[in-house]
Structure formats: structure tokens, C-alpha cells
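For reference, the structure is listed below as C-alpha cells.
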Amino acid sequence: MSSVEATAGTQRGELSDWLRERVSHAVSEFTAATALVVLFIALTFASPYFLTADNLFNIGAQTAVIAIIATAQTMVIITKGIDLSVGSVAALAGVLGAMVVRDLGFSVWAATAVAIGVGALAGLLNGLLVTVARIPPFIATLGTMSVGRGLVFIITGAVGVYGLPRSFQLLGNGEILGIPFAVVITVLVAVGVAFLLSQTRFGQYTYAMGSNLEAARRSGVRVGRHLTGVYVLAGVLVGLGGMIAASRVNSGQPNYGISLELDVIAAAVIGGASLFGGQGRIVGTIIGAFLIALVRNGAVLLDISIHYQQVIVGVIIWAAVYFDQYRRRRLESRG
Amino acid sequence: MSSVEATAGTQRGELSDWLRERVSHAVSEFTAATALVVLFIALTFASPYFLTADNLFNIGAQTAVIAIIATAQTMVIITKGIDLSVGSVAALAGVLGAMVVRDLGFSVWAATAVAIGVGALAGLLNGLLVTVARIPPFIATLGTMSVGRGLVFIITGAVGVYGLPRSFQLLGNGEILGIPFAVVITVLVAVGVAFLLSQTRFGQYTYAMGSNLEAARRSGVRVGRHLTGVYVLAGVLVGLGGMIAASRVNSGQPNYGISLELDVIAAAVIGGASLFGGQGRIVGTIIGAFLIALVRNGAVLLDISIHYQQVIVGVIIWAAVYFDQYRRRRLESRG
Amino acid sequence: GGVEVRDGGGDGATKDASGPLKLAVVPKAVGADYWNTVKAGAECAAQRAGDVTVQWDGVTAETDVEGQVNLIQNFVTKKVDGIVYAATDSSALAPATDKALAANIPVAMIDSGTSPQPSNVPLYATDNRASAVEAAKLLATELGPGNHEVALVEFQPGSQTNTERVDGFKAGLAQYPNLKLVGQQPSKSDVNEARRVTENILTANPKLAGIFAANEPSVLGAAQAIQAAGKSGKVVIIGWDAAPDEIAGVRSGQISALVVQNPFKMGYFGVDKMVKHLRDKAPLASADTGVTFVTKENIDSAEIKAVLEPSCANPPVQ
Amino acid sequence: MGTIPTETADRDQHPTDAEPPVLEARGIVKRFGHVEALRGADFTVRRGEVVALIGDNGAGKSTLIKTLSGVHPPDEGEIRVGGRPVQFSTPVDARRAGVETVYQDLAVADDLSVAANLYLGREILRSGPLGRLGLLDKRAMRQGAAAALDELGVRIPRVTTPIAMLSGGQRQCVAVARAIIWATNVVILDEPTAALGVVQTGRVLDVVRRARDAGMSVVLVSHNMPQVLEIADRVEVLRLGRRAAQLRADEVTTDDLVAAMTGSTSTDRDER
Amino acid sequence: MGTIPTETADRDQHPTDAEPPVLEARGIVKRFGHVEALRGADFTVRRGEVVALIGDNGAGKSTLIKTLSGVHPPDEGEIRVGGRPVQFSTPVDARRAGVETVYQDLAVADDLSVAANLYLGREILRSGPLGRLGLLDKRAMRQGAAAALDELGVRIPRVTTPIAMLSGGQRQCVAVARAIIWATNVVILDEPTAALGVVQTGRVLDVVRRARDAGMSVVLVSHNMPQVLEIADRVEVLRLGRRAAQLRADEVTTDDLVAAMTGSTSTDRDER
Ligand SMILES: Nc1ncnc2c1ncn2[C@@H]1O[C@H](COP(=O)(O)OP(=O)(O)OP(=O)(O)O)[C@@H](O)[C@H]1O
Ligand SMILES: Nc1ncnc2c1ncn2[C@@H]1O[C@H](COP(=O)(O)OP(=O)(O)OP(=O)(O)O)[C@@H](O)[C@H]1O
Ligand SMILES: [Mg+2]
Ligand SMILES: [Mg+2]
């Protein structure tokens, strides 16, 4: 209390309050956004093919699924959780979505509903394991990951689901006003979840639970129900992502999404989410997802082998988190 | 202070102290051990091939690498860390170990030293990232995982290292007095690390850092150096494990160990290690590793497909942690 | 000293097995159309032989070499009557084969053998490398004279089959100086990934004229990327394997040619010869199961049909 | 000793009181496994009074308070609000009954702002259909929080500052303010001034007085006997999980309180 | 007011003292980014005295103590032990100089036993080559811990109990005991009794007196003014990161202390 202390929230302070809040959030994303811009400019100069509408749309569509599932992961990470089951669940959703189209003649929309339902069920399972059985999220979702993958293989007999009608490609390959449909969905999902997290009670509780679960409980938040809700909503997005992935390749792939969890956790963390809970924003996660996608895209454009890509992605993960931590420490000590 | 309160440590209390300490530790391992025994007995009855010297030796040899690397993982988990890079680092160590034999004519022992050195270096890198760059372990080792795998491919040109002399199989396929050499190494490693953790200052500091890093620091523990030491030692074991794995398949496999981290974390957690740090014992981890191995072995003997195995392993992970949490809650409330 | 490598040598003598037989059949990995055709072949042979059960089990990824070593070992423990399998790694699985032989369990290899390959262990396979050289030739023929840019979509760097096909393709390409390899990216046997890398290759090389995709998911992803880019028919695809969607691609002209092995025959031979060996003491001898190049022209020929749509009623095993 | 304390066993000790106690605990038993933290504890809060709840470390004060605020449902015994038995099975129930608590282990969410913490679990939603979707009226909450803190005289930086950036004393002030703002019946404060400086302590005690003057009842847990005697109207003493004494603050000395807590007087009937 | 406090600016105020102070801080500056927690703080501890360090919340008491115990190396200024300048860059340095500290945010390892916590950083190793390998003599530590706790009169369950199972008061006792056991020169206690009951507080104060009687110096941080006046020989007041006053405990009243802390007297020369 020694230095700065003002009477709370005077009218004069409103704008600067608003700014401070924005700025303090933005720190987390600043490093990632800077890296994204630098990489973008570098690639523009390095490859004549980079800055073309086609390529940018491709990047958008390629990143859509990762971005959507990373959005789901971010919500879970904010609650101090983690979801290792995203890859299995996305595969399960995509495969079942494809099967109901092929075997039961469902429309693509009905199939999407099925995929989302599968994701929601898996999310519900994760949520109940965490809240009712009180299994830590890492373990609960590790189990779901294993069980989910097993189920995908059992259901499909380990064979891809092929022979789908052309309409199945709508979500993944369709366009709307020349923009990939998958990109439109991603934008809607990201904006929607960002809005949910920052402007609604649901979002407020999500941060509160990640910050101090007991405090949230004692404040009257029904933490069991609410935490389960976060996992279910995450599952819904994972199911949607799995369906888009299946649609993009016009088939249900039982092998889809192996080690996808690491990619999406990396995206969230690069974008400023903290594995200790209570922190993270969707805009950062989206930036993180595109940063990784851009590295991959750029590597192919510049004909850099996959092996160097892995090294580069690793170094970017280190660098992003290092600089973020560094800036946070500085900001905090300026606090 | 209302109920039990005695003057500290009277002579009379020594034995019961000793017992209490043992019992409280054992809780963590009780569930896993019970499951192991039950499974063992069930398999003995279910398959005539199970309880044979050959099969038990095989299980031992098959589990050796997982058990050794899970031991390394347990040390890291006790410090409240996690090491996602074990798979990449084991592959790197195995591949380099194989390359020095093939290309430089090293003996198998010298190659083992090289593999261990590679592991130690990777561990040092992880340790420095965590302590000096202050990157959280999950992210630091996620980066190492990506970079390590990239390096393996770059070094090998994505081709397995073949053409090794028969002596290269010593660690993985050798026998000593009829016991697989890998099993002997595993026992030595497990006993050594268990001793280190429970009986030495190094072990004491490891638990102290995982329990309260700041307290350890203020108590005069050189936490930076010591934490780095834990990662280095873990790296040494991972390098050794990678070498044994390479020896078992008589070649350096660049793809070795993909998603190995999940298996070894599962083993540690089934055995009672807590991802929140400060808790975990090697005996539990070994039990966890064997539990998973037994499921895999039993599934083949009973003609259960790989897909069901995944489901079963997932369920076992859930069950082990659920019962452990349940017992802990009961024990704690019994105070 | 007391430490020595366990010797895998055995006399190879087989037990008398006139009664029911239990065979383990192990693919490189479960989860692809190709291996399911192998399975169909194996089961067909078992059914025709009568009183033979096939236990089909495998690891989930071709890269899980150690997992396969353990699996074979567990089958040895279980004392199956014979093991028919495809090695994920030629060198790594050699000791596993030795251990089976030492336990008097005969072994037959399908698709991929071991190195060294014991003389009493047959191999029923096609030569991946030679077939990949042929694939390069097909690509060159399809593209015709003039300079062309081509790309390669491999699947799992570091796995042996991948290495053989990539080596073969590059060796074949070396004979055509007018073809320039401008891109090489892996799909990790994931269709989504195959599509992604192909899209990026197409962006980086707008003049790309041909692609060789080295396995089923790679082909499917590459075809989809090319279709999405509106370049169907303009970029020649030479693929591998014969999943239904690949066949459809050949019919529609998206895919110029497919290198098609005869997985049914591999599975069939593996089990059939093993049963004859066990029951009639017939010696085991290797055989080439052959490779077919499927194009739009020959796709409806009876011979190709038998390979593409194998059925136990009329097995393509002559 | 100034007065002979009322004995615990005498349950219906105020049959003539016109108004029933606003909050009352009767025979509360709470076990944690084999530890019996409360062994039939009684506790009474009347309208408009400051009751101090004192007792040795581990006497069960915090546990009693947690049963009164719905954090730990009791194993036995009953809780009454305004004379009517109630079931507090979650913190929400207690808050609905107008009981607000500041816990010893401060329960605030570090990453949320001061305003968000003040309104946690009671967010103001936008009016209209948007509100029904859970849309927050952040502006109203900021202004409400600023106004409430101003009114209480609590000095805090901007209400948008995350709690993590506040000092221990400031966090304590936020927690107390939060309880006072929402309480309609009873405010329970579990050692609220333990970490506070003299000035800050004075401010919290001022707030307590003001709450009482506004007609609320305040329960204060404290180990600081002079402070207890200064601010409390009545003192209840807990020992070994039971009520050991009820005392009027203006009739006792610090030594009486200590004696009652440690059981060194004749009030000590409940020794096991 | 009982006495005119010695002014801070007068640095060489005791040139005639025969013995130099056992521990002394001169002109310590400590910044956390833009926050200047200490702005040239001075502090003196003489042999065999109990010094109370008081000040408002955020005055910098804990920060000063952390510089004295090597947790935060100061940005400017110097620390002297027995008159000789020293550099405490890690807690180990301070401990080597015989300075032991109980921190406000208790630094104990929950999963370790009481004995292991008492010996943390100072483990007894087996004699001989095994010891050089780091092998612990657990039995010796158990017995040593039990004996030390007995001697201090601290009541704790078995020394093998993990700290996590102790009550807050018991944990505090372990932390205090640990500091007392190892200190050879100075024991620093940062609000050690904040969470303690009257009885436990008394016990800690007893321990403090015994330490002084054994020739050690004790630094006590507290917000409880009566307690400060009861136990301390001397009081140093910190305000806004600087020494605001040095007072003799037997010459001042609580009001003097409060005045010095809040700066409402003539001692207030250092207002920024
Ligand atoms: N969640 C819990 N699990 C197990 N035992 C508990 C729990 N909470 C409290 N206890 C035990 O119940 C008894 C009473 O604890 P409580 O915290 O109510 O005491 P208190 O009077 O508040 O003490 P203090 O003055 O130290 O805050 C103690 O023995 C304590 O160890
Ligand atoms: N690690 C830190 N980082 C940033 N600021 C800090 C840090 N530690 C202390 N401060 C700031 O330094 C100032 C002094 O804090 P300090 O903890 O020393 O006060 P104190 O006198 O001990 O207060 P209290 O009586 O509340 O314990 C405060 O403004 C505090 O916010
Ligand atoms: Mg309490
Ligand atoms: Mg302090």
C-alpha cells in the first residue's frame, strides 16, 4: 500500500481502467502476435507464392480444425484442466459422422449433429470423471484418450469409412462467398467462445474456477455442474472439429488426431494460456494455431524438410513461453 | 490439536512411527499392487501359457525399457515437473548409440556410454530450460520432444540404423544366469533410484522441491542446481532405456518412442505418483509399469485384440487413480 | 562372462499337427484397407483348409517396432502352431523370428521379410523397391517428353517400407533427367496431413505436373488437394494400394495409375503354405506375389478385377 | 471473574426473548473421519449484536463457521435462522439466508478483478434477453463495486485490478467488503485482522461497527483478546468442539476469557 | 509521548558502544520493478536483545527481513554482521552467518515429515563413505528433532508425521522451533503469532525469551502492539521503506508506536 493507492473507480479512471485491463491481457498475446507478423512478412518476401489468396485460404482451411480444437482446449486449460483426449474424440466423432451418412443415409447436417453429440458425450464423461470421481484432468482424459481410440478401432474394424456422397465434403471443402466454409465456422466458433469467456457469467465462472476452485464453490458457483459444462462444451467443439476434419478428406479416418493434443496445447500455450489455470484468451490461442500453421506452410514453400519443421516448432514453443514469462515478470514487478 | 497430541518422538513411539510412515506410503501403491496380483492370478487360471518361466521372463524383458523410463519420469514428477521428451530422447540416444557402433566401431559398452551421455545432455537442456529460462516443465519438455524428434530424423536421414554386430543385442536380448539382462538392469536401476529417493539427501531434496520449491530454496537447497540434477539423472536413465530398446530390436529406430511419454506417465500415476509434486515412489511406478505390461501380455494370450487392450488400459488408469484418491481421502479424514 | 546373447537357432523340426491348428497372423499394423485384404486372404485359406483358426493381431502403428517384437514373443509364449507375419523392420524382427523357430514354431513372412531371412522361413511378398522404380517409369510415361516438375508424398519417414519406396522412386526418377523432384513431404499416414502438405506443395510449385504418393492415405489426401485446387487431371498422380476411393479416383481420371500389390494372395499364401507345411511336411519356399499396375484402361479386365475385389470364391492366387 | 457464565447445557436459556436468534446452531457434530472437530456445539447470534467466537487453536471455530455458512454440512445437530430450522447443504443456501462469511483461508480468485470478486456468484446480468443468456453487465458491476468500497471507506486501487496484484491487507479488505455488501442478516468474519496493520485493523473494526449499526449481526473470530473485548457485545467460547461459555463482554476481563478457553475454571464441565 | 525517538538520519549513533551490532542493515534499497519497497532502510540488532520491527501493511518489513536473510539480495546498501560487511546473496549465506528466519508465508514442505523439515538443508548424513554419498542418518534426525522439540516445550505429534497433517498453529510451532534450533546469532520471526491462539502465542513468546536468555538476538515483526511492548527491548519502526524511529520499549506507549508507524508525529521527516 505504500505507493499507488487511489479511491476506487472514479469516473475519470474509467477509460484508463479499460485500457489497463486490455493492455494487461494483451501482454500474453503480444509475443505470439509479434512472431506471427514477423513470420508473415518474412514469408511474403521469401516466397512469391505465399501472399496469394489461394494460399491464405488454404492456410485458413488447414488451420481451421486445429484452431477450433485449440479453442476447446483453451477453455479446459483456463479451468486448470487439460484435455488429452481431443485427438481420439475427434476421430471418434468424425468416424461416426461418416458412418451414419454411409450406412444410415443421414444428411450431412444430421451427421454433424451426431458428431457433435459424440463429442458432447465424451466431454460429459471427462467432466464427470473430473468432478464426480475426482480424478485429476490429466489422468481422466488420458484414460478417455486410450478408451476413445480403442472404440474408434473397434467400431470401424480399423478401416477408414469411405464411399461418402459428395455433400459430405461441405463443411471441409465448401465455400461461402469464396471463403472456405471451415474458415467461416472457425471464426464463428472463436468469436463465440471469446465472447462467452469474456462477456458472460459462464466465462466469469470458468476463470474463477481455474483461479481458485474453492473460492468459486464458496461463492455459490455450482462448480461440479459448471466444470462439467466446460468439458461438455469443449467436447462439442472437438466433435465439430472432428467432423470438419473428416469432411476435408471425405472419409472417416480411425487414425485421425494421434498426438493432436500436443499441437493444440502448444497453440494455447503459445497464445498465453497458463497451465496453472485462470489465464488464457481465445485470440491468443488462434494466433498460436496460425503461428504453427504458418511455420508448416512456410517450410513447405521454402522446401524445408519436415525434420527441420519439428525443430523450428520446438524452438518457437520455447521462445514464445520464455518471452511471455519474461514480460510477465517485468510487468508484474512494475505492477 | 483437540484430540491426539503427544510429546514428540518418545522411544516407545519409534516402532509405530516406522509403521505409520510405511503404511501411509503404501496406500498409494496398494491399489495398483492389488490390481497386479488379481490380474496375475486371473491370467494364471485363464491361460496355461501365462505362468511359465519363459513368459514371465518375456514380460520382464518387454517391460524393462518402460520401467526404466517410468522410473526417470517418476523422479521428475516428484519435483512437480513432467517430461514429455522421453520418447524423442530415447530414440535419439538409441540411434546415436547404434550409429557409433556401426560407423565408428565402438564397442557396445562405449555405445551405451554415448547413449547415456546423449540422455544426460537432453536432461541438462530440460533442466536449464526449467531452472534458468524458467519455462514450465510441460512446455520446456514439449519443445525438447519436438526438437529431439527432428534431430533424430536429421541425423539418420530418416533411415533406421542397421547392420549392427550381434554383440549390439547384448543389453536387450542378452541373458545372465538365465535371466534377461534387461531385467537385471531394470532391477538395479529401480533399486538404485528407490534408494536414492528414500535414503539420501538428493532424494530428500527432490521431494522437498516438489512439495514447496520456495521452502526448499529458503532452507538452503540450491534448487536450480538440484532440479537440473534431477532432469540430468532422468535423462541418463532415458538414454539407457533408449539404448536397451535399440538393442532389443538390433537397430536404431528413428520412430522409436512416439507417445512413450503417455505410457510412462500412466505407469507412474497408476503407481501413486502425484502430478502435483512431492509424492511418488519407485516401487509404485514399477508396479504400474508391470500392470500395463500384464494387460498387454494377457490380451494376446487370451486372444483379445489390440483395440480392446486400449480400452482396458484406459479403464485401469481411471480405476487405479480413482481408488487411490478415494483411499487417500479416507485416510486423510482419519487423520 | 555369464552374459551372452540368447541364441535363436533351433532345429526347425515341427510337431505333428494333424488336429486343429491355431495360427497367428500379424500385419505391420492394423487399420488400413491393405491389411484387411491380407486378413481376408488369410481367413480364406484357413477356411478352405478346414479346422484352422487365425488369430489376427497387430500393433496400431507401423512405427511401433518394439511393440511388434513383444507381440511375436507373446505368440511364441502362447505356443501357436505357426506364425505368419509382416515385419515392421527387417533387422529388428530377425531375433523374434529366431526365437519362434527356437521354440519349434514355424514362421512365414508376408509383405516384408527380415534380414537376415532364415532359409527355412519363406517370404510371400512383392519387391517394394522395384515396384517404386516402376512407378517412376509410369509417371515419366504419363508426363511424356519435356521438362516437368514432380513431387513425392511419402508416409512415415524412418519406417522401412517408406524408405524402400522412396529409394525406389528416386532411383527410377534418376533415369529421367527431364523430371525434377521439387518437393518431398510426409503424410504420416494421415489423410488430412497428406492433403495439407500436398496443398502447400501445389502452392509452392504452381507448375507441378506430377505426384507420386506412396501409400493409401497419402494418395487419398493428395488427390483431394489436387481436386480442391481445381487441378484434377492436370496433375498426374501415381499412387499405391487400392482402397475403394483410390479405384474411384482411377475411374474418374484423377489418378493415372496405381501400383497394386496382391495382399490377398500374401495372406492366402502365408496361411495356406503354413498349413500344408504343418500337416503334410511340405517344405516352405518363398514366392513373389506379384504387382499390378492399375490404370483406367485395364481396370475392368478380369485379371485386375480379381486382384481389386478378391473373394474367397475365386481367390486371385494362381 | 465478572460473572458466572451461562452453562452450555441449558439449551432453552432465553425462552423469554421476544425475538428468536437470527442464527443459531444446536448440538452440531462434525467429524472428519476419526477426528471429531465439533462435538455438539451450540452457538447463538441475536439481531444487531457483535458476537466474538473465541477458542484455542483447533477448538473448532473455523469448522463451526463453515457449518454455519454451508461449506461443511453438519453430521448432526440443527441450524436455525430466525427460529426456523434450515438445511445449509451448500454455500448458496447460507447466502440465500443472508449469511455472509469471510473465511480464514481467504477465498478469493486471484486472476479476477476486484469487481469480479465482489460480484462472484452474484453477477449483474444485462437486462432483457441478453441477460437471460448470461451476458454480464460489467459496467454496472464496476460502478457498483467502486461505490460500495467507497461507502465502506475501504481504500483499494482500481476495481479492475486483478486481486493477485493486491497486498495481503488489501485482499483482506476486499474479502471483508464483499461479505458486508451482501449480508442482510449476519456477517461472519474468521480472524479477519490477523495479517492487518494497526490502521487497517481499525478500519475493519469500523466496518464491523457500521454493519452492526445498520442492524446486522456480526460474528467475529479472533485470538486478540483486547480486540474482542473492545468490539464485541457478547463472547462465546468454544473448547474441544463444544460451547464452554457465553459471556457478556462488558462484564469480563482478558483473563476470564483465557480461563474459559483453556478450561482452567469451573465452567469446565465438558472435559472429555 | 515517553521519549523523543532517535532520528534515523543519525547513522553513527552508537560510536561509543563497545560491541558492534550483531546484525545491521544500512541504507538498504530494494526495488520490485517500479515499486520501491525499501528506500534506504536502516536496521540494527544488538547482542542478546529482542527487537520488534513494526510498521503499516506494506511498509516493507517482510522485504527488509528477506534481504537480511538472503532471500532478496538488496539493490543498494550494505548488511553487516558483527560489524563486518557481508554479502547475503542466497539464504545459505545468511544461515552460515547464524541468522535464521521464520517467514510470514511459512516456508515448510508439506509432504515431508516434521523431522525432515527441521533438518531441511542441514541433513545429518551417515558417518563414513556412505555419508559422503549423501546417505541420510534418518534415525539421528528423528531423535534430534524429538529432543529439540521437547527441549523447546513445543508440543507436536510424532516427528514422522507429514507437515500436511498438522494444524496451522502446529505448523507455526515447527517453523519457529526450526529457526530457534539452528540460529547461533539472530532469529528473525515475521508475524509468528498471527494465527495462534492465546496459549500458543504465549508459548512462542516464551521460546523467544529463552532464546534471548541464551544470548541470541531476536527480531520480531508484529502488528500486535501490546505484545510488542510486552516482549521487546527495543522497537524499530519502518515507514514507506525507511526507518521512521528507534524506540526503547519501556519508554513508550501503544499510541506512540501507532503515531510513529502512521507518521502523525514530528518523527515524520522522511515523507516523500
Ligand atoms: N477438512 C478437514 N479435514 C480433517 N480435519 C479437519 C478439517 N478441518 C478441520 N479439521 C480438524 O478439526 C479440528 C478443528 O479445526 P478448526 O480449523 O475448526 O479449528 P479453529 O478453532 O478454527 O483453529 P484456529 O484457531 O487454529 O483457526 C482440528 O483438529 C483440525 O485439524
Ligand atoms: N516479490 C514482490 N514483487 C513485487 N512487489 C513486492 C514483492 N514483495 C513485496 N512487494 C511490495 O513491496 C511493498 C512492501 O511489502 P512487504 O511485504 O515488505 O510489506 P510488510 O511491511 O511486510 O507488510 P505486511 O505487514 O502486510 O506483511 C509492498 O508494496 C509490496 O506490494
Ligand atoms: Mg480457524
Ligand atoms: Mg509482511
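The values are calculated or read from the model by the stated rules, or taken from the named source; none is laboratory data. Just so it is clear, the model here is predicted, and its values are computed rather than measured. Note that we place each Cβ from the backbone using ideal geometry, even for glycine, and neighbour counts take in every protein chain shown. All accessible areas refer to the heavy atoms of the entire protein, side chains included, with ligands and DNA or RNA removed. Shrake-Rupley method; radii C 1.70, N 1.55, O 1.52, S 1.80 Å.
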If you build the Cα gyration tensor of chain C and take the root of 5 times each eigenvalue, what three semi-axes come out, in whole angstrom, biggest first? 38, 21, 16
Can you list the HN-Hα couplings for segment B:288-303, worked out from phi with the Karplus curve (6.51, -1.76, 1.60; θ = phi - 60°), rounded to whole Hz and with x for Gly and Pro? x, 4, 5, 4, 4, 4, 5, 4, 5, 4, x, 4, 5, 4, 9, 6
Protein accessible surface hidden between C and B, which excludes ligands and nucleic acids, total in Å², probe 1.4 Å: 3200
Counting only residues 5 or more apart in sequence or on a different chain, those whose built amide H sits under 5 Å from that of E:Leu220 are E:Val51, E:Ala52, E:Leu53, E:Leu189
Going by alpha carbons, how many degrees (0 to 90, nearest 10) lie between the helix axis of C:128-143 and the longest principal axis of chain C? 20
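With n ≥ 4 as the cut-off for DSSP H runs, can you work out [θ] at 222 nm for chain C, using -39500 (n - 2.57) per run divided by the number of residues, rounded to the nearest 500?
Working: 10 runs with 130 residues, N = 318.
The helix contribution divided over chain C gives -13000 deg cm²/dmol.
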Which far-off residues, 5 or more places away or on another chain, put their amide H under 5 Å from the one on D:Thr101, with H placed in the peptide plane? D:Ile188
Reduced to Cα centres, the span from segment B:54-124 to segment A:56-86 in Å works out to 32
Cross-link partners of C:Lys273 among lysines (Cα-Cα below 30 Å; sequence separation of 8 or more within a chain): C:Lys15, C:Lys22, C:Lys28, C:Lys39, C:Lys78, C:Lys79, C:Lys99, C:Lys265, C:Lys281, C:Lys305
Inter-label distance for C:Gln175 and C:Lys281, nm, one decimal - labels placed 7 Å from Cα along Cα-to-Cβ: 4.6
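How much accessible area is lost when chains A and B come together, counting both sides, with a 1.4 Å probe, in Å² rounded to the nearest 100? Please list the in-between numbers first.
Working: alone 17170 and 17150 Å², together 30750 Å².
Buried surface at the A/B interface: approximately 3600 Å².
Exposed loop GluC sites (Glu not before Pro) only (DSSP loop, at most 16 other Cβ atoms within 10 Å): please give the longest stretch of chain D free of them, not including the sites.
Details: sites that count: D:Glu7, D:Glu271.
In short, D:8-270.
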For the pair E:Gln87 and D:Arg132, how long in nm is the line joining their label points, each one 7 Å along Cα→Cβ? 7.0
Sorted from largest down, what three extents in whole angstroms do the Cα atoms of the protein assembly as shown have along their principal axes? 113, 76, 69
Under 26 Å from D:Lys138, Cα to Cα: lysines that are on another chain or at least 8 residues apart: A:Lys80
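Can you bin chain A into rounded, prolate or oblate? Criterion: square roots of the alpha carbon gyration tensor eigenvalues sorted a ≥ b ≥ c, rounded for a/c under 1.5, prolate for a/b above b/c, oblate for the rest. Could you put the intermediate results ahead of the total?
Working: a/c = 1.92, a/b = 1.27, b/c = 1.51.
Oblate.
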Please find the FRET efficiency linking C:Ser301 to B:Leu104, where r is the Cβ-Cβ separation and R0 is fixed at 51 Å, and quote it to the nearest 0.05. 0.40
One decimal, nm, shortest first: give the distances between the label point of E:Gly153 and those of the same position in the other copies, each label point 7 Å from Cα along Cα→Cβ. 4.1
Just want the answer: with Cβ charges of +1 for Lys and Arg and -1 for Asp and Glu, which residue in A:Ser211, C:Ser91, A:Leu237 is farthest toward the dipole's positive end in the protein assembly as shown? A:Leu237
Rounded to a whole number, what % of the accessible area of the protein assembly as shown do carbon and sulfur atoms account for, probe 1.4 Å? 57
Just to verify a number: FRET efficiency for B:Ala46 and C:Ala313, C-beta to C-beta distance, R0 = 25 Å, to 0.05? 0.10
Percent of C-alpha pairs per 5 Å bin, segment D:23-262, short to long: 1, 7, 14, 17, 19, 16, 12, 8, 4, 2, 1, 0, 0
Which cysteines does the protein assembly as shown leave without a neighbouring Cys Cβ under 4.7 Å? D:Cys173, E:Cys173
Per-residue ³J(HN,Hα) for segment A:77-84, Karplus 6.51 cos²θ - 1.76 cosθ + 1.60, θ = phi - 60°, Hz, x for Gly and Pro: 5, 4, 7, 6, x, 7, 10, 7
Whether segment A:46-154 is rounded, prolate or oblate, judged on the alpha carbon gyration tensor where a/c under 1.5 counts as rounded: oblate
Set of segment B:243-270 residues, backbone N closer than 16 Å to the point 7 Å along the Cα-Cβ line of B:Ser167: B:247
Per-residue HN-Hα couplings for segment C:235-245 [Karplus 6.51, -1.76, 1.60; θ = phi - 60°; Hz; x = Gly/Pro]: 10, 6, 10, 10, x, 9, 6, 9, 5, x, 5
So for segment D:106-166, what percent of the C-alpha to C-alpha distances run longer than 17 Å? 41
Distances in nm, one decimal, shortest first, from B:Val187 to the same residue in every other copy, taking the label point 7 angstrom along Cα→Cβ. 6.6
Which distances in nm, rounded to one decimal and ordered from shortest, link the label point of A:Gly163 to the equivalent label points in the other identical copies, with labels set 7 Å from Cα toward Cβ? 4.8
Closest beta-carbon to the B-to-A rotation axis: which chain B residue owns it, and what is the separation in whole Å? B:Ser259, 3
With every protein chain present, what accessible area does D:Asp137 have (1.4 Å probe, heavy atoms only), rounded to the nearest 10 Å²? 40
Cα convex hull of segment E:137-249, projected area averaged across orientations, nm²: 8.2
Per residue, what accessible area does segment A:189-230 have, given a 1.4 Å probe and all protein chains present, in Å²? 35
For D:Val252, residues with placed amide H under 5 Å, excluding near neighbours: none
Dipole of segment D:23-262 (Lys/Arg Cβ +1, Asp/Glu Cβ -1, origin at the Cα centre): which of D:Leu64, D:Ala148, D:Leu229 lies farthest to the positive side? D:Ala148
Per residue, accessible area of chain C with a 1.4 Å probe, heavy atoms of protein chains only, in Å², comes to 34
Using a cut-off of 26 Å between alpha-carbon atoms, which lysines can reach C:Lys231, once sequence neighbours fewer than 8 places away in the same chain are excluded? C:Lys137, C:Lys170, C:Lys180, C:Lys188, C:Lys207, C:Lys296
How big is the D/A interface in buried accessible area, both sides summed, 1.4 Å probe, to the nearest 100 Å²? 3600
Rounded, prolate or oblate: which fits segment D:68-171, taking a ≥ b ≥ c as square roots of the Cα gyration tensor eigenvalues, rounded meaning a/c under 1.5, else prolate when a/b beats b/c? oblate
Shielded by partner chains, segment B:264-292 residues - at least 40 Å² of accessible area, 1.4 Å probe, vs chain alone: B:Leu275
Rounded to the nearest 20 debye, what is the charge dipole size of the protein assembly as shown about its Cα centre when +1 sits on each Lys and Arg Cβ and -1 on each Asp and Glu Cβ? 360
Per q in 0.20, 0.27 Å⁻¹, report the Debye log10 I(q)/I(0) for segment E:156-216, using one uniform scatterer on each alpha carbon and no solvent. -0.78, -1.20
Along the charge dipole of the protein assembly as shown, pointing to its positive end and built from +1/-1 on Cβ of Lys, Arg, Asp and Glu, which listed residue (D:Gly82, A:Thr186, B:Ala61) has its Cα farthest out? A:Thr186
Distance in nm between A:Leu188 and B:Ile304 label points, each 7 Å along Cα→Cβ, equals 4.3
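Need one value for A:61-73: mean number of C-beta atoms belonging to other chains within 10 Å of its residues' C-beta atoms.
On the way: counts 4, 7, 1, 0, 1, 0, 0, 0, 0, 0, 0, 0, 0.
For peptide A:61-73, the averaged partner shielding equals 1.
Applying 1/(1 + (r/R0)^6) with R0 = 30 Å to the Cβ-Cβ distance of E:Glu76 and E:Asp255, what FRET efficiency is obtained, to the nearest 0.05? Show your work: numbers first, answer last.
Values: r = 34 Å, r/R0 = 1.13.
That pair, E:Glu76 with E:Asp255, gives E of 0.35.
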